[in-house]
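Working notes for the structure below.
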Amino acid sequence: MTKTNSAYEDCTMTTPSDIDKDRLQTAEVVLPVTDLKTEMPFFLNDLGFRLDTIFPADDPAVAVISGHGLRLRLDRDADVPPGLIRLNTADLAHPRTLTSPNGNRVALCDADPAMVIPETRHSFMVRRLADSDAWVIGRAGMRYRDLITDRLGGSIIASHIRIPDGGPVPDMVHYHTVGFQLIFCYRGWVRLVYEDQGAPFILNAGDCVIQPPQIRHRVLEASDNVEVIELGVPAEHITTIDHEMELPNTTVNPERDWDGTRFVHHREAEATWTPWRMPGWVARDTGIGKGTQGVAGVTVAKPEAGISPVWTSHDTDILFTFVKEGSLTLEAETDGPHTHDLVAGDAFVLPPFLKTRYTNASPDCELIEATLPADFTTQIHD
């Protein structure tokens, strides 16, 4: 019969409030073993762990080993299932999983996997705010609404994010492993701080920033009911907490380059409106195309009075649009519904070469358009 070590029994009377965290000293992951003599060589000789403690001397039942940032307790009396240890390995040619003599598994994984941006799976999509009752609570208590449900095959994620209660935001210094990331303040304001960009600043409604790959940053404070639009490429990317860096940091270098991308802070109050790619519309360019060296472009467009709608198409890979203000009708030559009446908070994706036109735009209509890449051709059709 397997003996049960009382130290591993559930204690339902214990709650986190009962624990004095200041008295905690070390942590160990418990792995069950049936025979230390066969298990220890696997971890010590094959995987490079070191032996720290072992007892009792006459018939060892417990060995504590450490290595690679991990402390393991190999315990003959532990009534727990076999465990899985992940060892992140540099320059790993072939990820694989090893099984110890006593049934514990060790997965050898790439310590620095390459970022993969899946090939875009194009689709025409309309996402209405009125149809979106599922707001998911995500990181730092923020509420997320998915704006591209199929994520175009994993190539991009677009989120409408809300923070309902103003005040300090429980965020930490962190960074993202991304190819492109946009933060556009839609409603309210948010106070942010970025690595090498100086003191914290306010991102007001209508302003936006791009977060270059791995730039450290932190959300500090938000107004009541702040809303932002966030785009990320690829859709699934890693967020890493930096426990060492404090922001703002002492270096100020606005021109710093992160993998070909510079930090860009676009302010609506300083913008210049010029003719847009769509006849009868004007737009303010955010400078993101230049900051990313053409990886992505972001503009805000609005109609001029007395425009005559025309049919157009584009040849860029991804074209995403969010209705920032007002309303309009989107007409598309698709197999499904051809006409889509849109209002502020709605979003849509137009695949390459699809013929569309914007009609019935209200005088206050404004669109946020993001394209990847930034440079592309708009075809006007008779």
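At-a-glance table
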{"quantity": "Any hit, segment 155-163, residues being buried (at least 17 other Cβ atoms within 10 Å of the Cβ), of a type in the set (S, T, N, Q) and within 26 Å of V126 (Cβ to Cβ)", "calculated": "yes"}
{"quantity": "Strands (runs of 3 or more DSSP E) wholly inside segment 167-206 that include at least 2 residues being at pLDDT below 95 and open to solvent by less than 10 Å² (accessible area, probe 1.4 Å)", "calculated": "none"}
{"quantity": "Exclusive hit being buried (at least 18 other Cβ atoms within 10 Å of the Cβ), touching a residue at least 12 places away in the same chain (Cβ under 8 Å) and not small (G, A, S), set V310, V300, V282, V252", "calculated": "V300"}
{"quantity": "Selection count, segment 58-107, where residues are of a type in the set (S, T, N, Q), within 13 Å of E39 (Cβ to Cβ) and open to solvent by less than 60 Å² (accessible area, probe 1.4 Å)", "calculated": "3"}
{"quantity": "Any chance I202 is farther than 19 Å from T239 by Cβ and of a type in the set (V, I, T)", "calculated": "yes"}
{"quantity": "Selected residue (criterion: most open to solvent (accessible area, probe 1.4 Å)) from residues of segment 43-52 that are within 30 Å of A114 (Cβ to Cβ) and in a helix (DSSP H, G or I)", "calculated": "D46"}
{"quantity": "Enumeration of residues in segment 116-164 that are in contact with a Ser or Thr (Cβ under 9 Å, 6 or more places away or on another chain), without any contact (Cβ under 8 Å) to a residue 40 or more places away in the chain and outside any loop (DSSP other than H, G, I, E, B)", "calculated": "Y144, R145, D146, G153"}
{"quantity": "Strands (runs of 3 or more DSSP E) wholly inside segment 333-382 containing at least 2 residues that are charged (D, E, K, R) and within 24 Å of L129 (Cα to Cα)", "calculated": "366-372"}
{"quantity": "Single unsatisfied condition, F55 versus (1) open to solvent by 20 Å² or more (accessible area, probe 1.4 Å); (2) touching a residue at least 12 places away in the same chain (Cβ under 8 Å)", "calculated": "(2)"}
{"quantity": "When residues of segment 341-377 are limited to those that are closer than 13 Å to H314 by Cβ and in contact with an Asp or Glu (Cβ under 6 Å, 6 or more places away or on another chain), the one surrounded by the most Cβ atoms within 10 Å (Cβ to Cβ)", "calculated": "L372"}
{"quantity": "Residue pairs meeting the criteria (Cβ under 8 Å; at least 6 apart or on separate chains; first more than 25 Å from A63 (Cβ to Cβ), in segment 84-105; second open to solvent by 40 Å² or more (accessible area, probe 1.4 Å) and in a strand (DSSP E or B))", "calculated": "L92/D110; P95/D110"}
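Residue-wise test of (1) among the acidic types (D, E); (2) more than 33 Å from the chain's Cα centre (by Cα); (3) in a strand (DSSP E or B).
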| site | (1), (2), (3) |
| --- | --- |
| M40 | no, yes, no |
| V80 | no, yes, no |
| A93 | no, no, no |
| P101 | no, yes, no |
| D112 | yes, no, no |
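The values are calculated or read from the model by the stated rules, or taken from the named source; none is laboratory data. Everything numeric here is computed off the predicted structure, so don't read it as measured data. Counting neighbours? That spans all protein chains shown, and the Cβs are built from the backbone with ideal geometry, glycine included. Just the protein is used for accessible areas: all its heavy atoms, side chains included, with ligands, DNA and RNA removed. Shrake-Rupley method; radii C 1.70, N 1.55, O 1.52, S 1.80 Å.
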